[in-house]
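The values are calculated or read from the model by the stated rules, or taken from the named source; none is laboratory data. These numbers were taken from a predicted model, which means no experiment stands behind them. Cβ coordinates were reconstructed from backbone atoms using ideal geometry, including for glycine residues, and neighbour counts include every protein chain displayed. Just so you know, the surface numbers come from the protein's heavy atoms only, side chains and all, with ligands and any DNA or RNA stripped out. Shrake-Rupley method; radii C 1.70, N 1.55, O 1.52, S 1.80 Å.
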Amino acid sequence: MREEKNYWQALNLALDMAMAEDSSVFILGEDVGLYGGTYRVTEGLYAKYGEERVRDTPISENSFTGLGVGAAMVGMRPVVEIMTINFALLALDAIINMAAKIPFMSGGQYTIPLVVRMPGGVAKQLAAQHSQRLEHTLMNVPGLRIAVPSTPQDAYWQLRQAINSNDPIIFLEHELLYFTKGILDSSIEPLPIHRAQVRRKGKHLTIISYSRHVLLCLQAAEQLAKQGIDAEVIDLRSLKPIDWDTCAQSLQHTHRLLVVEEDCQFAGSGAEIVTHLTERCFFELDEAPIRVAGRDIPTPFNAQLEAASIPQVADIIAAAQRFRYPS
Amino acid sequence: MEREQIHKMLRDMLRARAFEERAAEEYSKGNFTGFLHLYPGEEAVAVGVIHAAEPSDYIVTTYREHVHALVRGTPSKAIMAELFGRRDGVCKGMGGSMHLFDAERRFMGGYAIVGETYPIAIGVGYAVMLRKLPEAVICFFGDGAVNQGTFHESLNMAALWRLPVLFVCENNHYQIGTEIHRHSAVTDVYKRAAAYNIPAEKINGMDVLTVNRTTQRLLKQIRSGGGPYLLELETYRFRGHSMADPGTYRPAVEVHSFTTQDPISIAAHEIELNYPTTDQIAEVGPDCITLLTQHAQEKGQLIEQELALMKDDIAKEIDAAVDFALQSPQPTLEECLDDFNINQRTEILI
Ligand SMILES: Cc1ncc(C[n+]2csc(CCOP(=O)(O)OP(=O)(O)O)c2C)c(N)n1
Ligand SMILES: [Mg+2]
């Protein structure tokens, strides 16, 4: 199959295929069934697979995510949808204390083939409690894996791979990506779930990002190209583990590192990426790396301030211009 | 009940309806985006309850809270400007529709994570208890919010320490698209309070007079040390859950059964899956405003002219609120950073 699809449709298809192929896959979450999912990701699945496999839950995030952990311990492959990442804060006990620890604590007796999907990020005036990005929190938890697809193709394949995996995987979907389009080609052999991908080749600097901000980096790169700055853009696709080799290879020919994240800068994903790559590639770098990140403030409701609180294309361009390039 | 009191409540219900319909209109025009949860259909709850509160009582509420603030006395223009995200909004444009706070009126906030109102309320209640003041805390929550752990944890503590909290369940039968029989094993919310030894009752949340009388009695009891109480108010929202939700998952048969106050029968859902529009729901629903207007007219407490005058005043008030919001400046980033001084504070630690 080779078709243009929305990001949400790609996820929907992945769930549909996984459920059709494997009866141990089931879905759990608020309004995932009859209503069809807040962002339509589970649309049609309730009618097709019935309420036992597409279960509408009460507002009990910690316990229904914990239910997913329990079911996974005995061989099911639950896909839990947390309506938005903001409510995952209530399920952190199930995610961090249970899902991430049980395989280890049990001396490897139990695996947790669990996927926890959650839409997140800064969308449009959803205010401080509904604009969270938790990658920094989750990245710091040994035992979890984190997928951050930015295209429909990746959304489809990474979700299929996540469901097939025996590890607990956090699947972060950006709320502003659901209605973006792209080609979904199911015949292309997918990359491993954690492998980064070079989205644009360039020779002057390496821009590393993930999720929705990859799209902004690509836009910035096009504009930078007009000024004679040729940026390489890497889409991490996975935040845990991170494919350092792909990043390091890029730095070997660009020698400049710019990291773009929507999350707040302090102790965020960019801090880890810059530190790791600086340690590993110190002698490759011509200049100190630069981070472009969200401001260290709760997200303001006001639309202009909301936009000012996270990196925009212009911020990425301005940061790239701060490097000194050989003329 | 006093004629004057009835007029005040009717006026506030009409203001509430007009405010919300106008907010929907301004949203549709693109004056702001985000989540907008509206209150039409449920006015008798906020109006009946809050009219029974003293200025010294506290209110903790959810993201569906414009009307609660309005009835509490926050000026309509300050709420509208907040919806627009402007500097003169009650939270300077930082909070928005779901997060109205008004400290002056002891309006302790609108919370958008379901189940957050209980811990805040018992915290405020704990402070009142320590200070031995004759004050009560009113804690609003929805039917969907009773399955969050905080409900059980907080009710237990409230009972254990006899905290002065009135838990008010706005039971509109829905948790977004999930009807109560599909989200709760026990659909009479008030019955759950028994597990924590908290007295409770369920009343018709469409009848503002009953809501008001009952709340007055309960608050009095709570202020004088009677301990927590749970009041379940049966109500219905005429619109979808938020502006993003058309609300078309609700079968017409349910609307009709609700009109006649029959218990909702799950079986009936399956017989007639005939989805109404929100307009139809508004038309046939047991409208709390119509109920009170009829009552007052029958008792000779309201004449047509008074009603017309009231509506006229309200239309002017709401127009003025929108004008005010439109003219209020956008807050700047500097103000945002300076005023709120988040993480930039350079404190001297000695
Ligand atoms: C912890 C949490 N989970 C999920 C949501 C998403 N959500 C917002 S409102 C809502 C339904 C709440 O229903 P109810 O408590 O009955 O209040 P109502 O909206 O009907 O007034 C849900 C699931 C949320 N805000 N917080
Ligand atoms: Mg409800």
Point to revise | Identity of the residue in the range B:28-60, open to solvent by less than 20 Å² (accessible area, probe 1.4 Å) and within 14 Å of chain A (Cβ to nearest Cβ), that ends up nearest to ligand 1 (Cβ to nearest atom) | key: B:HIS37
Study note, to complete from the structure: Inside the range B:101-125, the number of residues satisfying the requirement of being without any contact (Cβ under 8 Å) to a residue 60 or more places away in the chain, in contact with a Phe, Trp or Tyr (Cβ under 7 Å, 6 or more places away or on another chain) and away from ligand 2 (no atom under 16 Å from the Cβ) is 5
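Taking the range A:153-173, which residues are among the small types (Gly, Ala, Ser) and assigned to a loop (DSSP other than H, G, I, E, B)?
Here is the first cut: in the range A:153-173, the residues among the small types (Gly, Ala, Ser) are A:155, A:162, A:165.
Across the range A:153-173, the qualifying residue is only A:SER165.
So, restricting to strands (runs of 3 or more DSSP E) that lie completely within the range A:68-152, which ones have at least 3 residues that are open to solvent by less than 10 Å² (accessible area, probe 1.4 Å)?
On the way: elements: A:77-81, A:115-120, A:145-147.
Those strands (runs of 3 or more DSSP E) span A:77-81, A:115-120.
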Study note, to complete from the structure: A:ILE208 passes all but one of the listed conditions (1) touching a Leu at 6+ places or on another chain (Cβ under 7 Å); (2) assigned to a loop (DSSP other than H, G, I, E, B); (3) farther than 30 Å from A:ALA71 by Cα; the exception is number (2)
Check your understanding: Just for the range B:178-191: of the residues that are within 11 Å of ligand 2 (Cβ to nearest atom) and not in a helix (DSSP H, G or I), which one is farthest from the other protein chains (Cβ to nearest Cβ)?
Key -> B:GLU179
**Study point:** Positions within the range B:140-155 being more than 16 Å from ligand 2 (Cβ to nearest atom) and of a type outside the set (S, T, N, Q), in sequence order
**Key:** B:GLY149, B:HIS152, B:GLU153, B:LEU155
Check your understanding: From the residues in the range B:227-257 that are away from ligand 2 (no atom under 16 Å from the Cβ) and free of Cβ contacts under 8 Å to residues at least 40 places away in the same chain, which one is most open to solvent (accessible area, probe 1.4 Å)?
Key -> B:HIS256
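Farther than 24 Å from B:VAL137 by Cα, under 15 Å from the mean Cα position of the chain (by Cα) and aromatic (Phe, Trp, Tyr): is that true of B:PHE19 in this structure? Steps first, answer last, please.
Details: farther than 24 Å from B:VAL137 by Cα: yes; under 15 Å from the mean Cα position of the chain (by Cα): yes; aromatic (Phe, Trp, Tyr): yes.
For B:PHE19, the condition - farther than 24 Å from B:VAL137 by Cα, under 15 Å from the mean Cα position of the chain (by Cα) and aromatic (Phe, Trp, Tyr) - is met.
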Practice item. Could you grab me the full set of residues in the range A:256-281 that are more than 14 Å from the chain's Cα centre (by Cα) and hydrophobic (A, V, I, L, M, F, W, C)? Key: A:LEU257, A:LEU258, A:VAL259, A:CYS264, A:PHE266, A:ALA267, A:ALA271, A:ILE273, A:VAL274, A:LEU277, A:CYS281
Exercise for review: State the number of residues belonging to the range B:16-35 that are part of a loop (DSSP other than H, G, I, E, B) and either without any contact (Cβ under 8 Å) to a residue 40 or more places away in the chain or charged (D, E, K, R) (or both).
Suggested key: 3
Review point. Checking B:CYS169 against (1) crowded, with 24+ Cβ neighbours inside 10 Å; (2) assigned to a helix (DSSP H, G or I), which test does it fail?
Key: (2)
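Of the residues that sit in the range A:14-32 and are of a type in the set (Val, Ile, Thr) and either buried (at least 23 other Cβ atoms within 10 Å of the Cβ) or part of a helix (DSSP H, G or I) (or both), which one is farthest from the other protein chains (Cβ to nearest Cβ)? Talk me through it step by step, then tell me what you get.
Looking only at the range A:14-32, we keep the residues that are of a type in the set (Val, Ile, Thr), and these are A:25, A:27, A:32.
Checking the rest, the ones that are also either buried (at least 23 other Cβ atoms within 10 Å of the Cβ) or part of a helix (DSSP H, G or I) (or both) come to A:27, A:32.
Numbers: A:ILE27: 14, A:VAL32: 10 Å.
Across the range A:14-32, the extreme among qualifying residues is A:ILE27.
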Check your understanding: Of everything in the range B:156-177 that's modelled with pLDDT of 95 or more and facing another protein chain (nearest Cβ under 9 Å), which residue is farthest from ligand 2 (Cβ to nearest atom)?
Key -> B:ILE176
Review point. Applying the selection to the range A:33-57, what residues are open to solvent by less than 10 Å² (accessible area, probe 1.4 Å) and either facing chain B (nearest Cβ under 9 Å) or not polar (S, T, N, Q) (or both)?
Key: A:GLY33, A:GLY36, A:GLY37, A:VAL41, A:LEU45, A:VAL54, A:THR57
**Study point:** Verdict on B:GLU153 being charged (D, E, K, R), more than 27 Å from B:CYS288 (Cα to Cα) and within 14 Å of another protein chain (Cβ to nearest Cβ)
**Key:** yes
Revision key, fill the gap. Counting only residues in the range B:78-115 that are open to solvent by 10 Å² or more (accessible area, probe 1.4 Å) and part of a strand (DSSP E or B), the one nearest to B:GLU65 (Cα to Cα) is identified as B:TYR111
Review point. Which residues, counting only those in the range A:62-91, are within 14 Å of chain B (Cβ to nearest Cβ), within 15 Å of ligand 1 (Cβ to nearest atom) and under 25 Å from A:ASN164 (Cβ atoms)?
Key: A:PHE64, A:THR65, A:GLY66, A:GLU81, A:ILE82, A:MET83, A:ILE85, A:ALA88, A:ALA91
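Just for the range A:92-117: of the residues that are aliphatic (A, V, I, L, M) and within 14 Å of another protein chain (Cβ to nearest Cβ), which one is farthest from A:GLN312 (Cα to Cα)? Quick ask: steps written out before the conclusion?
Residues of the range A:92-117 that are aliphatic (A, V, I, L, M), as a first pass: A:92, A:94-96, A:98-100, A:102, A:105, A:112, A:114-116.
Filter once more, keeping what is within 14 Å of another protein chain (Cβ to nearest Cβ): A:92, A:94.
Numbers: A:LEU92: 30, A:ALA94: 34 Å.
Going through the qualifying residues, I end up with A:ALA94.
When residues of the range B:99-142 are filtered for being within 16 Å of ligand 1 (Cβ to nearest atom) and hydrophobic (A, V, I, L, M, F, W, C), how many remain? Break it down stepwise before answering.
First, the residues of the range B:99-142 that are within 16 Å of ligand 1 (Cβ to nearest atom): B:99-100, B:109-121, B:138-142.
Narrowing the set further to residues that are hydrophobic (A, V, I, L, M, F, W, C) leaves B:100, B:112-114, B:120-121, B:138-141.
Of the residues in the range B:99-142, 10 are within 16 Å of ligand 1 (Cβ to nearest atom) and hydrophobic (A, V, I, L, M, F, W, C).
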**Study point:** Unique residue being open to solvent by 30 Å² or more (accessible area, probe 1.4 Å) and under 30 Å from B:GLY247 (Cβ atoms) when the list is B:ASP143, B:ASP188
**Key:** B:ASP188
Revision key, fill the gap. A:ARG237 passes all but one of the listed conditions (1) without any contact (Cβ under 8 Å) to a residue 24 or more places away in the chain; (2) within 30 Å of A:SER24 (Cα to Cα); (3) open to solvent by less than 20 Å² (accessible area, probe 1.4 Å); (4) not hydroxyl-bearing (Ser, Thr, Tyr); the exception is number (1)
